[in-house]
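Q: Below are the structure tokens for one structure; questions will follow.
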Amino acid sequence: MPRLSRYGGAEGFAYRFARMLADEGYAVDFICARCETEPPAGVRPVVLGRSGPFKWIKVLRFALKAAKARREGGYDLSIGLGKSYGHDLLRVGGGPQRNFWKLSSRAWPAGFPRIMKRVRRELSPANHIVQWLERKRLRNGPTIVCVSDLVRGWVCEAHPEVDPASVHVIYNKPDFDRFHPVDQKLREDLRHEAGIAPDDVVITTAGTNFALKGVSTLIKALPHLPGNWRLRVAGGRNPSKYRRLAGSLGVGKRVKFLGKVDEMPDFYRTGDIFVLPTFYDACSNAVVEALACGSRVVSTRFNGSSVFLPPEKVLDDPADEHELARKALLAFSEPHEAFFWPEDLPCGMEPYLDLVRELLHNKNSNT
């Protein structure tokens, strides 16, 4: 994977996966372009760098150097978690790029902004390299794991040569040592520290790409909600455009952008409802983390982790602020029930470990 890091959904998964394999006694090399954190005990970073004057050169160079390092390493098993190829086990954390373009285009205003976004995407050499890597990494029949049934559908639609029955689905699962409910007293203390009034109803949301995550829809929904409803946004993106939108709708004082939040469990606990009106999400970690922290959650049908939500809390159109307001009101008015993790869905790290054991056993049996 390009980065050995704890920050970021895919990077956090890769870090925990490598740590788990090392804890099981496997010798683990982590092939990356950059090592941004102390590696887990027993994990050896193989740092290749990713130099070049343009993004497409960096992407291509890392893929080629990673393939070379993999061949020279003589590994028993190769696991692909990023934009690389030639692996025994391939984790697909997002849908094909063309599919992403199609679904995410509505996050930008119709007309010139949307057209220009499409033109920039089409003209980017890096995007064409990514599409080439998407095709190349599926060759030679790797064992494929998708992070949701939604992603499996997208992959099989874009690549008809892939047999859907051969694609595993393993959902993300939060770290329950960090993400869990707290008692009412601690929750009230957290809200007080955050400057939230006792009678405020707080919608929380999180993401780095505000356009894609539907922050505009959330702001447009606020005028249709009672005056004591507030919106708190976590994410390190420049919010000036969204502040102007909130001001133009007369809800500027009801919206607060917090920037990058380090203690996300406490952020979820301060809210009454977590709402993610995303236009595209393979399997949002934020949704499952909020559920684990005891929050009510509303999201969209374009989010793989909406499988954990009842239909009445799934928004059909991420741009429909009226329907979003209605579902938020409905979610808040219902008696809150504790979330229990479904037992019929493969989730978390253990299914990956089972696959590793199976693949190594099959390799040893054939040699």
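The values are calculated or read from the model by the stated rules, or taken from the named source; none is laboratory data. The structure displayed is predicted, hence computed values, not measured ones. Positions of Cβ are backbone-derived with ideal geometry, glycine not excepted, and every protein chain shown enters the neighbour counts.
Q: Among the residues of segment 299-317, which ones are in contact with a strand residue (DSSP E or B) (Cβ under 7 Å, 6 or more places away or on another chain), under 21 Å from residue 267 (Cβ atoms) and surrounded by fewer than 24 Cβ atoms within 10 Å (Cβ to Cβ)?
A: Answer for segment 299-317, where residues must be in contact with a strand residue (DSSP E or B) (Cβ under 7 Å, 6 or more places away or on another chain), under 21 Å from residue 267 (Cβ atoms) and surrounded by fewer than 24 Cβ atoms within 10 Å (Cβ to Cβ): 309, 313.
Q: Is there a residue being touching a residue at least 24 places away in the same chain (Cβ under 8 Å), of a type in the set (A, V, I, L, M, F, W, C) and closer than 19 Å to residue 91 by Cα anywhere in segment 48-59?
A: Yes; the residues of segment 48-59 include at least one that is touching a residue at least 24 places away in the same chain (Cβ under 8 Å), of a type in the set (A, V, I, L, M, F, W, C) and closer than 19 Å to residue 91 by Cα.
Q: In segment 11-27, what residues are over 16 Å from residue 285 (Cα atoms) and either of a type in the set (Phe, Trp, Tyr) or surrounded by 20 or more Cβ atoms within 10 Å (Cβ to Cβ) (or both)?
A: 18, 21, 26
Q: Looking at 50, 34, 19 in this structure, which one is out of contact with any Cys (no Cβ under 8 Å at 6 or more places or on another chain) and either modelled with pLDDT of 95 or more or at positive phi (or both)?
A: 19
Q: Restricting attention to helices (runs of 4 or more DSSP H) lying wholly within segment 42-143, give those where 2 or more residues are over 25 Å from the mean Cα position of the chain (by Cα) and either among the hydrophobic types (A, V, I, L, M, F, W, C) or in the same structural domain as residue 20 (by TED's automatic domain parsing) (or both).
A: Helices (runs of 4 or more DSSP H) meeting the threshold: 55-73, 112-123.
Q: Moving on. Residue 26 is checked against (1) closer than 23 Å to residue 130 by Cα; (2) part of a loop (DSSP other than H, G, I, E, B); (3) of a type in the set (Phe, Trp, Tyr) and fails just one. What number does that condition carry?
A: (1)
Q: Scan segment 245-268 residue by residue and report those that are free of Cβ contacts under 8 Å to residues at least 12 places away in the same chain and exposed (fewer than 12 other Cβ atoms within 10 Å of the Cβ).
A: Residues satisfying the conditions are 248, 253, 262, 263.
Q: To continue, here is another question. Give me the pairs, please: first residue somewhere in segment 92-112 and without any contact (Cβ under 8 Å) to a residue 40 or more places away in the chain and surrounded by fewer than 18 Cβ atoms within 10 Å (Cβ to Cβ), second residue anywhere and assigned to a helix (DSSP H, G or I) and of a type in the set (A, V, I, L, M, F, W, C), beta-carbon distance under 8 Å, and either six or more positions apart or on two chains.
A: Every condition considered, the pairs that remain are 97/130.
Q: Could you go through segment 184-195 and let me know if any residue there is of a type in the set (A, V, I, L, M, F, W, C) and closer than 30 Å to residue 100 by Cβ.
A: no
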